[in-house]
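Structure record follows, encoded as structure tokens.
Values quoted throughout were computed directly from the atomic coordinates according to the rules given, and no laboratory measurement underlies them. Note that the coordinates shown come from a computational prediction; the quantities given were computed from them, not determined experimentally. Cβ atoms come from the backbone with ideal geometry, glycine included; neighbour counts cover every protein chain shown.
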Amino acid sequence: MSEWLVLTLAMAAACAVVLAIVVINNRRIGDDDDPSETPDVIEYMTMMIGVVYAIVLGLAIAGVWEARGAAQETVRQEAQALHEISARVEVYPVGVRERIRADVDAYVSYVVEDEWPYMSEHGELSERGTELMNQVRRSVTDYQPATDHEGQAYQPLVDLVGAADDARNARGESAAATMPGVVWFGLITGALVAVGLIFTLQIRRTFRELLLAGLYSALIAFLLFLIWDFDAPFGRGISATAGPFTTLFPQVGS
């Protein structure tokens, strides 16, 4: 099911539930009821709880957005390190550099075409990707430089392999959801409380009040969906992409 379809259904469901409760509640109110009798303290508490919950939502959105940005940065670092390896092996003999470049291309191709969907589904790196990264490491470290020029390029290449592997591990740590379950419990409970408190204000069945109640509940549903969508940096609609790999290795992307 599309994430946007989930969002639409969630917002529609939130509006329908709130409006249904408003309509049913109004049928139980007598003609002599005075909506101006709502105590001032209830209005104050409703406002304060709404403000506090808005701050919590803002912090949650900022947290998952930062996690998504960090995940995208690890992808860029990994792709850049592998690109530098392919470029710097130019000083090696033809056979050696072609073998290293072939191993790098095989790894990048697997990441883009196979490991990305695997991360989205399982929330972790694949064993095959780890094997291909180890193959790149062996191809670089097993070669013994024959000249001083090759010797000068050897250690930087080893360091680049380490940087790529480190970025890969960071990508694996970012593949799973970042929000703890207790935080989701607080967000959902806070949403129920924030929406529930609007019924203490004795909402009537006028078009204006029903519209505001529906928009308020839909807004909270949208913000919760946004947090959920950002929570898995590689797994959902608004996620980190493999763009750095396809940009630096166009031969693999094609």
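Arg138 to Ala102: FRET efficiency via 1/(1 + (r/R0)^6), r the Cβ-Cβ distance, R0 22 Å, to the nearest 0.05? Write down the numbers at each step before the final one.
Details: r = 13 Å, r/R0 = 0.59.
Efficiency for this residue pair is about 0.95.
Here's the picture: charge each Lys and Arg Cβ at +1 and each Asp and Glu Cβ at -1 in the range 40-121, and of Gln80, Ala70, Tyr44 the one pushed furthest to the positive end of that dipole is Gln80. Computed about its Cα centre, the charge dipole of the range 57-125 is approximately 260 debye, with only Lys, Arg, Asp and Glu carrying charge at their Cβ.
Once R0 is set to 41 Å, what does the formula 1/(1 + (r/R0)^6) return for the Cβ-Cβ distance between Phe222 and Glu127, expressed as a FRET efficiency to the nearest 0.05? The computed FRET efficiency comes out at 0.60.
For the range 97-254, what does the alpha-carbon gyration tensor say about shape, rounded, prolate or oblate, given a ≥ b ≥ c as the root eigenvalues, a/c under 1.5 as rounded, and a/b over b/c as prolate? Prolate is the answer for the range 97-254, as a/c is 1.5 or above and a/b outweighs b/c. Extension gain, Glu73-Ile61: 0.36 nm per intervening residue step, less the Cα-Cα distance, totals 2.5 nm. A Förster radius of 51 Å combined with the Cβ-Cβ distance from Phe199 to Thr246 puts the calculated FRET efficiency at roughly 0.50.
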